[in-house]
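The values are calculated or read from the model by the stated rules, or taken from the named source; none is laboratory data. Keep in mind it's a predicted model, so treat the numbers as computed, not measured. For neighbour counting, all protein chains shown are included, and Cβ atoms are generated from backbone atoms with ideal geometry for every residue, glycine included. Surface accessibility is based on the protein's heavy atoms, side chains included, excluding ligands, DNA and RNA. Shrake-Rupley method; radii C 1.70, N 1.55, O 1.52, S 1.80 Å.
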Amino acid sequence: MIPQLIWTLLLLQVAYAAPTAADLSRIVNGTDASINDYPFMVSLRGSTGRHSCGGSILNENWILTAAHCVNYYTTPLLQSVQVGRTDVSSEIDESVYWIDDVIIHPFYDPSNSLIFDVALLKLKKSLVYDETIKPVQLPTEEYEELDESDLTVTLIGWGLNETDGVLPTTLQKVDYFVVPNEKCNNFHSDHVYPNQICAAIPEGGKGQCNGDSGGPLLHNGVQVGIVSWSRKPCTIAPYPGVLTKVSYFIKFIKETINA
């Protein structure tokens, strides 16, 4: 459990600043991970095949990601996803699946704390499950806040290793902590909504950066968040990263992928 005193002391030190367009989260101080441990993880790719955002497998035909990753979607920009790979590349092989449709949440608002920052991608061809390609486990619709005795979460992705850093080709992971929304609100002058979740470590230096957007935040193997936005430089204390709370969108997800 995070010592609550640490977060309280940081609240007294915070200098308020609202996120700008440059604050969008696209892992810092992570370690190498294997797709065998996270077989639901996917890389969203543009026309050059370069990694742009993360995502997670919902079923054989649908991918879960952030709306701001696809907000300006056109075929030349976002074309495909790469699945079943620890190490991503720009090559086209059997791991690459083309995107057929993009569904952005109708209430998504990029001008208001990226509220409702969630999107679904439909694939042109169905995935074939194996040890490296499996669906993610979603929370129940009733899930709200984590028990404060168990706040540890895991972030995975291929995002920058630091602001203006490099994109790793090998999947990265980092363990850190959920920050309760009322505390996260005090750190950020931009409002944090009930359909969002925050994560950080008190001293900073671990968490999301550009390229991690759309990727999953996990608690005991369940996806509880989708990377949305953060202050820059990446992982600067005391500002937690802000993510979309998946439990809030279970009905939207199920209604869309089962239509």
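Can you run down the residue pairs with Cβ atoms below 9 Å, 6 or more apart or on separate chains, where the first is in the stretch 132-144 and at pLDDT below 95 and the partner is surrounded by fewer than 16 Cβ atoms within 10 Å (Cβ to Cβ) and assigned to a loop (DSSP other than H, G, I, E, B)?
Listed pairs, sorted by first residue: 144/194.
Is there a residue being closer than 28 Å to residue 251 by Cβ and either part of a helix (DSSP H, G or I) or open to solvent by 30 Å² or more (accessible area, probe 1.4 Å) (or both) anywhere in the stretch 199-207?
Within the stretch 199-207, not a single residue is closer than 28 Å to residue 251 by Cβ and either part of a helix (DSSP H, G or I) or open to solvent by 30 Å² or more (accessible area, probe 1.4 Å) (or both).
Does the stretch 153-173 include one or more residues that are surrounded by fewer than 18 Cβ atoms within 10 Å (Cβ to Cβ), farther than 30 Å from residue 102 by Cβ and in contact with a Lys or Arg (Cβ under 9 Å, 6 or more places away or on another chain)?
No, because not a single residue in the stretch 153-173 is surrounded by fewer than 18 Cβ atoms within 10 Å (Cβ to Cβ), farther than 30 Å from residue 102 by Cβ and in contact with a Lys or Arg (Cβ under 9 Å, 6 or more places away or on another chain).
Looking at (1) at pLDDT below 90; (2) open to solvent by less than 10 Å² (accessible area, probe 1.4 Å), which is the only condition residue 42 fails?
(1)
Looking at the stretch 28-44, which of its residues are hydrophobic (A, V, I, L, M, F, W, C) and either outside any loop (DSSP other than H, G, I, E, B) or farther than 15 Å from residue 206 by Cβ (or both)?
Those that are hydrophobic (A, V, I, L, M, F, W, C) and either outside any loop (DSSP other than H, G, I, E, B) or farther than 15 Å from residue 206 by Cβ (or both): 28, 35, 40, 41, 42, 44.
Identify, please: which residue in the stretch 218-249 is at pLDDT 95 or above, surrounded by 24 or more Cβ atoms within 10 Å (Cβ to Cβ) and among the polar types (S, T, N, Q) and is, among those, nearest to residue 29 (Cα to Cα)?
Step by step, filter the stretch 218-249, then rank; the result is 228.
Given (1) in contact with a helix residue (DSSP H, G or I) (Cβ under 6 Å, 6 or more places away or on another chain); (2) open to solvent by 20 Å² or more (accessible area, probe 1.4 Å); (3) at pLDDT 95 or above, identify the lone condition not met by residue 214.
The one condition residue 214 does not meet is (2).
Where residues in the stretch 96-131 are farther than 15 Å from residue 42 by Cα and of a type in the set (Ser, Thr, Tyr), which of them is modelled with the highest pLDDT?
Result: 108.
Kindly provide the set of residues from the stretch 77-134 that are part of a strand (DSSP E or B), hydrophobic (A, V, I, L, M, F, W, C) and touching an Asp or Glu at 6+ places or on another chain (Cβ under 7 Å), ordered by number.
115, 123
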